């Protein structure tokens, strides 16, 4: 007899658990694949380990280094993904389902590594400007900074995405310099445990930055402090209970919930059965019913269609569902696997029974449901079930009861306003989709639907070629929703990182704010020397290093030559009479001539550490420059970002942002911008 493994928690730098407790069954055939452990977890030890070991280790790195670690970890896990695919099979997932979970997880690590590398500084202070002048003389300013909270994040995840669910929360948490304690749902925790073992074996992340809880959270939430954060993914009911935890309320601990919701898809009234958008709608509803056996918090639970097309939609949905092969995912041709557990199977059956009251079953178990594979009779399979509610305004169950499986309900509407009213009856959703060919309908519907949805997909034939689909949260976009959906936000690019940072307003002189933020602020103390800033290597440059250029008087010949070179013969530059009648009262130089002339003033032309100029930010032409005006530029090192990159010869490089202020003979600002350059380090 084969002994099934006992899962272990990773707490305090060691794996805990030897005595078997709750058996965890394969969703495919009901056979035991693992047990949870019976040993109690000392959550005081877990938090102490995170605070004493994890926080100092993470703070010894900066945003850029943590981003590099995420990239390395993504690569490490990707190389071992097949081991995870093998285990994922027991969760009832097909290869396509597991791809979303496993490679979606490593892809999210890659995405946050890229965001961190490209958008975050090389320190642990994120300046959230621009600064605001608070005094009349320019001596007193205010701005905002974001810094690591110095606490611990507790992540409580659902069963449906054992890998991605942990990694999509871990990535921004780690990037923000916050250790985390992750608690996956028990039913599929054997897959999460396997992934966390890989993470720990990699040695890529410092000790204390990730701990794993198999089983319950005990008194963990009672021990948290105000600097900590709690995130939750799961049911709306459980989210409500956790949100009301006395210690979370007492300590004002941030709580972010991403809860299951009754998401909808609307087939717009302009779409007919002959349109591509009609087929896109049918395909998307079926896909969301069958991927992960409908166990996605973003799945389409309500399909809202024009009453005149109700029968056509129902018929095409029946046809596609009838072709779906269900069974053991290892069998060739199987497109839909099982629910995660028999407990989940029973729960979905109970909720389908509730939804069936007063409604019609368009497609269900009676339509040839026969899972293929050995032992599947003991598995957690459930038939794709399509219901029809003809009176969706009179039947609240279809807007209140969610069957977290391959279940969706059709409901007809009269006009687009009715469709939007039905969508709103879900009382808050993670995502809604609108299938239309008409931009006017999209322009009308999206702002109304946005009040009740965290994300909206507008799908037409043009977007379909690249669309990631209704139910796919992406790292760059917000994942969350109002009301029933939890009221929280995850992902969303750097928004997710800033959730784990503390925002603080800072006031002071320009020099003091420059010291705090690591960014030059005009009016702050500068460093001028005989060495041109462009002659300094990245290692030697200091924020505040500055150059005041020689002057240049703008002539009519300059304007004529620039017009000829650029092809810009706008009347303000060439027509003396017309220009005299404008608010400027005279001909003025091209703004881009001023930009070019300023570059000629401050550029050091000989080969040196500055390798390339690859962009301008915050460009503004503040005042006009006329013929006879004299301009001068001040170039100042504003910000340095060490992305720890090297050229093909192994020489390091960094990014430098330079503040450029162009003034006229009266000392008035005429142009203002930042230039970004790639600067080499000393060999």
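Structural remarks
- Test: residue in the stretch 229-243 that is surrounded by fewer than 21 Cβ atoms within 10 Å (Cβ to Cβ) and over 20 Å from residue 487 (Cβ atoms): no
- Any chance residue 568 is closer than 30 Å to residue 116 by Cβ and assigned to a loop (DSSP other than H, G, I, E, B): no
- Scanning the stretch 208-237 for residues that are touching a residue at least 12 places away in the same chain (Cβ under 8 Å) and closer than 26 Å to residue 470 by Cα turns up 231, 232, 233, 234, 235, 236.
- Residue match in the stretch 113-126 (condition: touching a helix residue (DSSP H, G or I) at 6+ places or on another chain (Cβ under 8 Å), outside any loop (DSSP other than H, G, I, E, B), more than 30 Å from residue 676 (Cα to Cα) and touching a residue at least 40 places away in the same chain (Cβ under 8 Å)): no
- Scope the stretch 371-401; condition surrounded by fewer than 17 Cβ atoms within 10 Å (Cβ to Cβ) and assigned to a loop (DSSP other than H, G, I, E, B); matching residues: 374, 375, 390, 391, 393, 394, 396
- Residue within the stretch 277-286 that is out of contact with any strand residue (DSSP E or B) (no Cβ under 7 Å at 6 or more places or on another chain), at pLDDT 95 or above and more than 17 Å from residue 461 (Cβ to Cβ) present: yes
- Residues of the stretch 292-317 satisfying the condition of being touching a residue at least 60 places away in the same chain (Cβ under 8 Å), crowded, with 17+ Cβ neighbours inside 10 Å and part of a helix (DSSP H, G or I): 292, 293, 294, 310, 313, 314, 317
- Residue within the stretch 192-204 that is surrounded by fewer than 24 Cβ atoms within 10 Å (Cβ to Cβ), in a loop (DSSP other than H, G, I, E, B) and in contact with a helix residue (DSSP H, G or I) (Cβ under 8 Å, 6 or more places away or on another chain) present: yes
- Single match in 414, 377, 405, 368 (criterion: in contact (Cβ under 8 Å) with a residue 24 or more places away in the chain, assigned by TED's automatic domain parsing to the domain that holds residue 294 and under 22 Å from residue 87 (Cα atoms)): 405
- Condition met for residue 429 (closer than 22 Å to residue 315 by Cα, outside the structural domain of residue 159 (by TED's automatic domain parsing) and either surrounded by 15 or more Cβ atoms within 10 Å (Cβ to Cβ) or free of Cβ contacts under 8 Å to residues at least 40 places away in the same chain (or both)): no
- Some residue of the stretch 599-606 being exposed (fewer than 11 other Cβ atoms within 10 Å of the Cβ), out of contact with any helix residue (DSSP H, G or I) (no Cβ under 6 Å at 6 or more places or on another chain) and closer than 30 Å to residue 541 by Cα: yes
- Residue within the stretch 162-172 that is touching a helix residue (DSSP H, G or I) at 6+ places or on another chain (Cβ under 9 Å) and in a strand (DSSP E or B) present: no
- Exclusive hit being in a helix (DSSP H, G or I) and under 24 Å from residue 521 (Cα atoms), set 543, 560, 594: 594
- Only a single item in (1) surrounded by fewer than 16 Cβ atoms within 10 Å (Cβ to Cβ); (2) out of contact with any strand residue (DSSP E or B) (no Cβ under 9 Å at 6 or more places or on another chain) is not met by residue 437, and it is number (1).
- In the stretch 359-370, the condition of being under 23 Å from residue 420 (Cα atoms) and either in a loop (DSSP other than H, G, I, E, B) or at pLDDT 95 or above (or both) is met by at least one residue.
The values are calculated or read from the model by the stated rules, or taken from the named source; none is laboratory data. Computed from a predicted structure; not experimentally measured. Every residue, glycine as well, gets a Cβ built from its backbone with ideal geometry; the counts of neighbours run over all protein chains shown.
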